[in-house]
1. What's log10 of I(q)/I(0) for chain B at q = 0.10, 0.11 Å⁻¹, Debye sum over Cα points only, no solvent?
2. Using θ = phi - 60° and the Karplus form 6.51 cos²θ - 1.76 cosθ + 1.60, what ³J(HN,Hα) does each residue of the stretch A:61-68 get, whole Hz, x for Gly and Pro?
3. Under the Cβ-under-4.7 Å rule, which cysteines of the protein assembly as shown stay unpaired?
4. For the stretch A:103-115, in order, what is each residue's ³J(HN,Hα) by Karplus, 6.51 cos²θ - 1.76 cosθ + 1.60 with θ = phi - 60°, in whole Hz (x at glycine and Pro)?
5. When every alpha-carbon pair in the protein assembly as shown is counted, what percent end up more than 28 Å apart?
6. Can you give the mean number of other chain Cβ atoms that lie within 10 Å of the Cβ atoms in peptide B:33-39?
7. Compute the FRET efficiency between A:GLN57 and B:SER28 as 1/(1 + (r/R0)^6), taking r as their Cβ-Cβ distance and R0 = 25 Å, and round to the nearest 0.05.
8. Between the stretch B:48-110 and the stretch A:52-84, how far is it from one alpha carbon centroid to the other, in angstrom?
Amino acid sequence: NAGVTQTPKFQVLKTGQSMTLQCAQDMNHEYMSWYRQDPGMGLRLIHYSVGAGITDQGEVPNGYNVSRSTTEDFPLRLLSAAPSQTSVYFCASSYSGRGASYEQYFGPGTRLTVT
Amino acid sequence: GENVEQHPSTLSVQEGDSAVIKCTYSDSASNYFPWYKQELGKGPQLIIDIRSNVGEKKDQRIAVTLNKTAKHFSLHITETQPEDSAVYFCASCSNDYKLSFGAGTTVTVRA
C-alpha cells in the first residue's frame, strides 16, 4: 500500500490564484481530513469527510473548499490564494468514519507559499 | 471549541535521561488523547494513545498518563535515544470527528 499520498510537494502561488491540493489513500479508509501546520500553532483542522459525498468544516475552513466524490480522493481547493494561506498542508485518513477518535495516517505534506 | 495547551515548547535532554511533555485540555467531554511524533520533513505519526477510561498506558519506553479530574495528560519517554529527537504533538478529541492539537514540543536528545 502507498498509504496517503499528496501532490504537489511544493507550490508557489501568487495572491489571487487558485489551485487544488491532491490527496489520495489506498487503504479504503472512511474518514479523511485536511490540516494546516503553522509554526507555534500545531495542526489545525480545515475540513473533514466521514465518507464519499459527505464533508464538513473544521476549525479554519474559510478560503478552502473540499469534495469527496470517491472513497480514495479528497482534494482541497484554494479559491483565491492569500499570503495568510502560506503553510504546510497535511492530509490524513482513518479507517473509521469516527476518524478523530482513532489513529490517523498522515501524508507527507504540501508546502505552499503565497506571494 | 476544545483548547489544548502543551508545555514545554522545546526540550533538550541528555541521551539516556527521561523526557516529559505535559498537555492540558478544556472540554470535560474529551475522551481520546493521542500523541504524534513528527520527524523533519515528514507527516506526524501516532506513537501512543489513551482513552478516558484508562489512567495510564505504556509501550516499551513510552508511557502516557491521564488525569481526567485535572484535565491534563502527559507523555513520558525513558532512556532517550538520538532517534527520539523530533517534534511531539498531543491532541484531544471531544467528539468523533474533530481532533484538536497542541502547539508541539521540539525534543532534542544530546549524545
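1. -0.26, -0.31
2. These are the phi-based 3J(HN,Hα) values: x, 5, x, 10, 10, 9, 8, 9 Hz.
3. Isolated Cys, the protein assembly as shown: B:CYS93.
4. Values per residue, Gly and Pro as x: 4, 10, 9, 9, x, x, x, 10, 8, 10, 10, 10, 9 Hz.
5. Numbers: 7562 of 25425 pairs.
Tail of P(r) above 28 Å: 30 percent of Cα pairs.
6. Numbers: counts 0, 5, 0, 6, 0, 5, 0.
Partner Cβ neighbours, averaged per residue: 2.
7. Numbers: r = 24 Å, r/R0 = 0.94.
E between A:GLN57 and B:SER28, to the nearest 0.05, is 0.60.
8. 29
Each value in this text was obtained by applying a stated rule to the coordinates, not by laboratory testing. On a predicted model such as this, the values are computed, not experimentally measured, just so you know. Methodologically, a virtual Cβ is constructed for each residue, glycine included, from the backbone with ideal geometry; neighbour enumeration extends over all protein chains shown.
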